[in-house]
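Encoded as structure tokens, here's the structure I'll be asking about.
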Amino acid sequence: MSDQELFPLSDEHKMIRQAARDFARKEIAPIAAEFDESGEFPMETVRKMGELGFMGIIVPEEYKGAGMDALSYVLAVEEISKADGSHGVIVSVNNSLFCDGILVYGTEEQKQKYVAGVASGKKIGAYALTEPMSGSDAGTMGCQAVREGDEYILNGLKSWVTSGPVADYVMVFMMTAPEKKHKGITAFIVESGTPGFSPGKKEPKLGIRASATSELMFKNCRIPADNRVGKEGEGFKIAMSILDSGRIGIAAQSLGLAEAAYEASLAYASEREAFGQKIGDFQGVSFKLADMKTQIEGSRLLTYNAALVKDRSKESGERYTLPAAIAKLHASETAMFCTHSAVQIHGGVGYSKELPVERYFRDAKITEIYEGTSEIQRLVIARTEFDRLR
Ligand code: CAA
């Protein structure tokens with residue numbers, strides 16, 4: 001798009017975007033279909049992304065990260081997701097759901113021990129909030145942690161944990177005082193290999209099949225009390241504010257998927273002929289493309305804006321819940337609209353596994369579900385607006 005870009009990027013941001021684009025085209029795009037088919041976790045490219053700094057883009061250099069801002073992070077996730085949504089979410093969860101939470105709420109020891117390994121990509125981080133009976137209503141969890149001396153004993157089952165089966169470290173949320181409801185939730189870091197902690201059923205999924213998603217089981221799992229993040233009872237607020245960061249990552253993933261679907265459709269519509277002309281010359285197709293482009297540019301502005309607000313909030317300490325929810329809602333619904341339209345524009349070949357278009361469509365659906373469904377984003381947006389009037 002170069003000089004027609006609606007959002008002016010600095011030369012540094014353009015360089016980061018180019019680096020992510022080059023890596024994604026060379027290393028990820030060629031293997032995406034194979035890993036989607038097998039459902040295998042792409043450990044080799046994940047390690048390479050770590051070497052290039054993508055697994056800890058927003059992590060300060062003192063904790064082995066790339067020390068970049070949230071806009072750089074969004075640009076990298078967008079470019080990586082253009083090649084493959086699975087790689088996109090792996091980067092997003094590692095950066096925002098794991099590292100960001102510990103950077104904000106963890107102790108210096110926790111940052112040195114856990115963030116440094118994960119930011120370099122040598123280790124993988126995950127975030128476990130959801131349970132089989134606690135999804136959107138995240139404050140009603142059944143997992144419990146009981147303090148005994150210098151340890152906590154963890155019990156229960158978490159589900160839908162992105163990178164769950166391969167994670168070295170997991171940020172997990174448990175009830176320490178169930179009678180206090182959401183005010184009785186506490187955050188902990190659990191290391192893989194801790195006795196009583198094991199991955200459960202791996203989810204067979206419609207899309208983002210190369211990103212490993214599983215249950216995590218805790219059976220009398222003892223962890224040091226030093227692994228608690230924040231104070232007892234602060235867990236729900238920690239979980240929610242981490243999701244504010246995560247939702248910007250998912251908006252960026254959605255943007256990448258939408259753009260991939262749009263670029264493929266534009267190219268196809270300018271080549272494919274029917275009834276004696278290029279299909280792009282039919283208004284029915286060209287208007288669809290115009291709508292896709294418009295939705296994408298709207299998503300881009302909202303997502304980049306949310307990243308800028310997040311960076312500013314470091315100084316002000318203000319929550320960025322609203323811009324994150326708006327960006328995630330708009331970008332994920334745009335991803336679904338664009339990938340759905342792309343299959344339709346391509347017709348039969350769009351439905352075939354010979355082209356990546358059907359994979360974009362399958363990968364896009366989860367963006368309207370995880371890290372807060374579209375309905376939850378609407379709820380968050382509406383509540384924030386009513387609160388403004390009170
Ligand atoms: N930041 C900080 N604090 C927050 C907050 C935020 N973003 N959102 C809420 N809080 C605080 C509130 O201020 C309130 O504080 P007080 O108790 O002091 O008043 C407290 O948390 C409770 O807030 P609510 O009354 O709004 O809580 P609620 O029970 O009505 O729920 C909700 C709010 C928005 C519906 C929330 O439950 C939610 O976001 N649900 C969706 C959960 C979700 O996104 N799950 C995805 C998990 S991760 C995943 O998908 C898998 C993966 O690996 C990628």
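Would you please give the residues with an amide H less than 5 Å from that of E151, counting only those at least 5 places away or on a separate chain, with H modeled from the backbone geometry?
Excluding prolines and chain starts, which carry no amide H, the hits are A225.
Going highest first, how would you order 191-201, 41-51 by mean Cβ packing within 10 Å? Could you put the intermediate results ahead of the total?
Numbers: 191-201: 15.1, 41-51: 17.9.
With the highest mean Cβ count within 10 Å placed first, the list reads 41-51, 191-201.
Step through the residues of the stretch 300-310 one at a time and calculate ³J(HN,Hα) from phi using the Karplus curve (6.51 cos²θ - 1.76 cosθ + 1.60, θ = phi - 60°), rounding each to whole Hz and writing x for Gly and Pro.
Per residue, the Karplus-derived 3J(HN,Hα) values read 4, 4, 5, 6, 5, 4, 4, 5, 5, 5, 4 Hz.
Right, here's the next one. What is the calculated FRET efficiency for E108 to E37, with r their C-beta to C-beta distance and R₀ = 56 Å, to the nearest 0.05?
Working: r = 44 Å, r/R0 = 0.78.
About 0.80, to the nearest 0.05.
Another one. What are the lysines whose alpha-carbon lies under 26 Å from the alpha-carbon of K288, with same-chain residues fewer than 8 places away excluded?
The reachable lysines, counting only those whose Cα sits under 26 Å from K288, are K82, K278, K328, K353, K365.
Further question: Would you grab the residues whose amide H sits under 5 Å from the one on R222? Only those 5+ places off in sequence or on another chain, please, with H modelled 1.01 Å from N.
Excluding prolines and chain starts, which carry no amide H, the hits are L154.
Using amide H atoms built in the peptide plane, which far-off residues or other-chain residues are under 5 Å from V229 H to H?
A187, F188, I189
Would you calculate the separation in nanometres between label points at R147 and D281, each defined as 7 Å from the Cα along the Cα-to-beta-carbon direction?
Here the answer is 7.5 nm between the modelled labels.
With N residues in the stretch 187-294, what two-decimal value do you get for its Cα radius of gyration over 2.2 N^0.38 Å? Write down the numbers at each step before the final one.
Values: Rg = 23.4 Å, N = 108, 2.2 N^0.38 = 13.0 Å.
My calculation over the Cα atoms of the stretch 187-294 gives 1.79.
By its C-alpha gyration tensor, with a ≥ b ≥ c as the square roots of the eigenvalues, how is the chain shaped: rounded for a/c under 1.5, else prolate for a/b larger than b/c, else oblate?
On the way: a/c = 1.79, a/b = 1.69, b/c = 1.06.
It is prolate, given that a/c is not under 1.5 and a/b is the larger ratio.
Continuing with the same structure: Packing-wise, with mean Cβ within 10 Å as the measure, how do 359-368, 145-154 rank, highest first?
On the way: 359-368: 24.9, 145-154: 15.6.
Highest-to-lowest ranking by the protection proxy: 359-368, 145-154.
Below 16 Å, Cα to Cα, which lysines can K237 reach? Residues fewer than 8 away in the same chain don't count.
Straight-distance partners of K237: K180, K181, K183.
Using 7 Å Cα-to-Cβ label points, what is the F7/K26 separation (nm, one decimal)?
2.5 nm
If you don't mind, there's one more thing I want to ask. Return the single residue from S265, S299, S286 with maximal mean-square fluctuation; model: Gaussian network over the chain, springs between Cα atoms under 10 Å.
Judging by the Gaussian network model, the answer is S286.
Just to check I understand the Karplus step: with θ = phi - 60° and J = 6.51 cos²θ - 1.76 cosθ + 1.60, what whole-Hz values come out for the stretch 215-221, glycine and proline as x?
Karplus values, whole Hz, x for Gly and Pro: 7, 10, 10, 10, 10, 6, 7.
Taking only Cα atoms and a 10 Å spring cutoff, compute GNM fluctuations for the chain and point out the largest among A126, A264, A324.
Maximum among the listed residues: A264.
Which length gain, in nm to one decimal place, applies between A290 and Q344 when the Cα-Cα distance is subtracted from 0.36 nm times their residue separation?
Numbers: separation 54, 0.36 × 54 = 19.44 nm, distance 1.47 nm.
Result: 18.0 nm gained on full extension.
A further question follows. Using the charge dipole of the chain (Lys, Arg: +1 at Cβ; Asp, Glu: -1 at Cβ; taken about the Cα centre), state which of I28, T373, Y114 has its Cα farthest towards the positive end.
Selected residue: T373.
Once you sort the root eigenvalues of the Cα gyration tensor of the stretch 3-124 as a ≥ b ≥ c, which label holds: rounded (a/c under 1.5), prolate (a/b larger than b/c) or oblate (the other case)? If you can, show how the numbers build up before the last one.
Working: a/c = 2.17, a/b = 1.18, b/c = 1.85.
Oblate, because a/c is 1.5 or more while a/b does not exceed b/c.
Cα centroids of the stretch 96-165 and the stretch 213-246: how far apart, whole angstrom?
4 Å
Between rounded, prolate and oblate, where does the stretch 126-232 land on the alpha carbon gyration tensor, with a ≥ b ≥ c its root eigenvalues, rounded for a/c under 1.5, else prolate if a/b exceeds b/c?
Working: a/c = 2.17, a/b = 1.40, b/c = 1.55.
Oblate, since a/c reaches 1.5 and b/c is not below a/b.
State, to one decimal in nm, how far the label point of E318 lies from the label point of L389, with both points 7 Å from Cα in the Cβ direction.
2.1 nm
With the dipole of the chain worked out from charges on the C-beta (+1 for Lys and Arg, -1 for Asp and Glu) around the Cα centre, which of V170, L355, A267 lies farthest toward the positive end?
Going by the charge dipole, the pick is V170.
With only Lys, Arg, Asp and Glu charged, each at its Cβ (+1 for the first two, -1 for the last two), find how big the charge dipole of the chain is about the Cα centre; round to the nearest 20 debye. Present the calculation step by step, with values, prior to reporting the outcome.
Values: 46 positive and 54 negative charges, 151 e Å.
The dipole of the chain has a size of about 720 debye.
OK, next. For the stretch 147-161, take each phi angle, set θ = phi - 60°, evaluate the Karplus expression 6.51 cos²θ - 1.76 cosθ + 1.60, and give the result in whole Hz per residue in order, putting x for glycine and proline.
7, 9, x, 8, 10, 10, 10, 9, 9, x, 10, 9, 9, 6, 8
Right, here's the next one. At 1.4 Å probe size, with the rest of the protein present, what percent of the exposed accessible area of the stretch 236-389 is carbon and sulfur atoms? List each step's numbers first, then the result.
Details: 4190 of 7180 Å².
Summing carbon and sulfur atoms, their accessible area is 58 percent of the total for the stretch 236-389.
The values are calculated or read from the model by the stated rules, or taken from the named source; none is laboratory data. What you see is a predicted model; the values in this text were computed from it and never measured. Glycine gets a Cβ as well: all are built from the backbone with ideal geometry, and neighbour counts include every protein chain shown. Accessible surface areas use protein heavy atoms only, side chains included; no ligands, DNA or RNA. Shrake-Rupley method; radii C 1.70, N 1.55, O 1.52, S 1.80 Å.
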